[in-house]
Amino acid sequence: MQPIFDFFFDQYSGYPTFFIVLEIIAVIFGFLSVWYSKQNNILVYPTGIVSTLIFVYLLWQWELLGDMMINAYYFSMSIYGWYIWTRKVDPTHYTPITSTTHREKYQSVFIFIATLIFVFGVYEYFDKWNNWTAYVDTLTTAIFFVGMWLMAKRKLENWIYWIIGDLISVPLYFYKGLTFTSLQYLVFTIIAIYGYKAWKRNLRNDLRPA
């Protein structure tokens, strides 16, 4: 049992206790945020804001710039999404779950490519191409940027981006030595799959004639 424990958590041996506690708190609020998103609950945003603020601080300390930018972007998009989700499209209905339009698909591609270029430029400027994880980090940043934008607009397809990005992030964060965060993304993957099914079912119900 001890070798298994050491395999997963030995990388924390040199971390300050304060950082470990912060990561656990951020992971808990991250779980809550994704769960509330699956439930189509507005609490996805306040819980997400707490998680992302903590991760911005931690990732800055760990010099993981791409990951830090993801969470800074999550924070800003959480505020935008909070507004969209509470905005009424008419006197009695809030913004509904919908599928992406052709225009939004093109916009998603643009955001993906623009993010790749931006993150590449940041890593180039700070000379952070010192590990293969930087290239994967650039890719996941672009994937998650699109996913967060689509979620804020309550688009069903946001879950597809989360699933892909989460699957990549599980081994990536474990390799980086962030076991709790890696486990978080594993659970995120499972919740995202169920979230896609739940939102798709919700969308079908909305489309049914009254």
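The values are calculated or read from the model by the stated rules, or taken from the named source; none is laboratory data. On a predicted model such as this, the values are computed, not experimentally measured, just so you know. Reconstructed Cβ throughout: ideal geometry from the backbone, glycine too, with neighbour counts over all protein chains shown.
Below is a table of values for the structure above.
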item: ILE168, sole failed condition from (1) within 11 Å of the chain's Cα centre (by Cα); (2) free of Cβ contacts under 8 Å to residues at least 40 places away in the same chain; result: (1)
item: Looking only at region 82-140, and only at residues there that are modelled with pLDDT of 90 or more and basic (Lys, Arg), the one that is nearest to LEU172 (Cα to Cα); result: LYS105
item: ILE143 being among the aliphatic types (A, V, I, L, M), surrounded by fewer than 20 Cβ atoms within 10 Å (Cβ to Cβ) and either out of contact with any strand residue (DSSP E or B) (no Cβ under 6 Å at 6 or more places or on another chain) or assigned to a helix (DSSP H, G or I) (or both); result: no
item: Criterion violated by PHE5 - all others in (1) modelled with pLDDT of 85 or more; (2) loosely packed, with under 14 Cβ neighbours inside 10 Å satisfied; result: (1)
item: The lone exception for PHE145 - which of (1) at pLDDT 95 or above; (2) under 19 Å from the mean Cα position of the chain (by Cα) it fails; result: (1)
item: Number of the condition not met by ILE70 [criteria: (1) in a helix (DSSP H, G or I); (2) in contact (Cβ under 8 Å) with a residue 60 or more places away in the chain; (3) over 26 Å from ASP127 (Cβ atoms)]; result: (3)
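Residue by residue, here is whether (1) of a type outside the set (Gly, Ala, Ser); (2) touching a residue at least 24 places away in the same chain (Cβ under 8 Å); (3) surrounded by 16 or more Cβ atoms within 10 Å (Cβ to Cβ); (4) in contact with a Lys or Arg (Cβ under 7 Å, 6 or more places away or on another chain) holds:
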| position | (1), (2), (3), (4) |
| --- | --- |
| THR100 | yes, yes, yes, yes |
| TYR106 | yes, no, no, no |
| GLU124 | yes, no, no, no |
| ASP137 | yes, yes, yes, no |
| LYS176 | yes, yes, yes, no |
